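To start, the structure under review is shown below, and the notes come after it.
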Amino acid sequence: MHYAGAFMCVAAIALFLISCQGPPKEVAEGIRAPHLDIQDPVTGQKVKFRDYEGRVLFVNFWATWCAPCREEVPSIETLHRELFSDRRFAMVTILYKDNPKSAYDYMKGNGYSFPVFTDQNGTTAERFRVTGVPETYLIDKKGVLRKRVIGSLDWNAAETRAFVNTLLLE
């Protein structure tokens with residue numbers, strides 16, 4: 001009888017603690033963007049969100065095995081080349097469940113130059129609540145998520161570029 005009472009007490013405390021946590025936070029437009037925990041696959045250097053403070057940040061999760069990603073990549077490359085020297089803008093693309101060697105070969109074979117990072121343990125993808133690839137986040141200079149795009153997008157389309165320009169001018 002003594003064990004049953006102790007068990008019931010522990011179970012009640014566990015249930016209370018679980019209920020206090022609430023539902024998992026959604027990554028939604030208008031909230032502070034999650035932290036990055038990524039690294040450069042070539043140098044091994046870790047990259048943190050604070051490295052991009054005060055800049056509009058383009059974060060894209062992609063993979064070489066993903067056909068929609070491959071469709072989207074040329075417009076990402078164009079965006080990167082056009083805004084590379086603009087100190088108000090930074091681009092981070094993150095491999096999602098992909099091999100860095102495959103990405104390196106793909107990038108080299110196609111003449112792409114945008115930065116590619118790895119998310120070794122999936123922490124960043126989990127923080128961003130990535131549902132699949134491609135998935136892109138536009139974060140303003142204050143670190144607030146302003147747009148989440150699930151699926152591929154032409155980053156050179158007039159309305160898309162206008163939105164990026166609006167963020168740059170804020």
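The values are calculated or read from the model by the stated rules, or taken from the named source; none is laboratory data. All figures in this text were calculated on a predicted structure; none of them were measured in a lab. Every residue, glycine as well, gets a Cβ built from its backbone with ideal geometry; the counts of neighbours run over all protein chains shown.
Structural remarks
- Odd one out for Ser75, checked against (1) closer than 21 Å to Leu36 by Cβ; (2) within 18 Å of the chain's Cα centre (by Cα): (1)
- So Asn110, is it more than 25 Å from Glu170 (Cβ to Cβ) and modelled with pLDDT of 95 or more: yes
- Any chance Asp37 is touching a helix residue (DSSP H, G or I) at 6+ places or on another chain (Cβ under 7 Å), in contact (Cβ under 8 Å) with a residue 12 or more places away in the chain and buried (at least 18 other Cβ atoms within 10 Å of the Cβ): yes
- Where helices (runs of 4 or more DSSP H) fall wholly inside the range 85-170, the ranges with 3 or more residues that are within 18 Å of Pro74 (Cβ to Cβ) are 100-110, 158-169.
- When the residues of the range 91-113 are filtered to those that are under 15 Å from the mean Cα position of the chain (by Cα) and of a type in the set (A, V, I, L, M, F, W, C), the one that is surrounded by the fewest Cβ atoms within 10 Å (Cβ to Cβ) is Met91.
- Selection over the range 116-147 of residues that are within 12 Å of Asn60 (Cα to Cα), surrounded by fewer than 17 Cβ atoms within 10 Å (Cβ to Cβ) and either of a type in the set (S, T, N, Q) or touching a residue at least 60 places away in the same chain (Cβ under 8 Å) (or both) gives a count of 1.
- Residue count for the range 149-167, restricted to those that are surrounded by 17 or more Cβ atoms within 10 Å (Cβ to Cβ) and touching a Ser or Thr at 6+ places or on another chain (Cβ under 8 Å): 2
- The listed residues are Arg81, Arg88, and the only one of them that is at pLDDT 95 or above, in contact with a Gly (Cβ under 9 Å, 6 or more places away or on another chain) and either surrounded by fewer than 18 Cβ atoms within 10 Å (Cβ to Cβ) or closer than 18 Å to Thr136 by Cα (or both) turns out to be Arg88.
- Identity of the residue in the range 49-78, β-branched (Val, Ile, Thr) and not in a strand (DSSP E or B), that ends up surrounded by the fewest Cβ atoms within 10 Å (Cβ to Cβ): Thr78
- Given (1) in a helix (DSSP H, G or I); (2) hydrophobic (A, V, I, L, M, F, W, C); (3) at pLDDT 95 or above, index of the condition Cys20 fails: (3)
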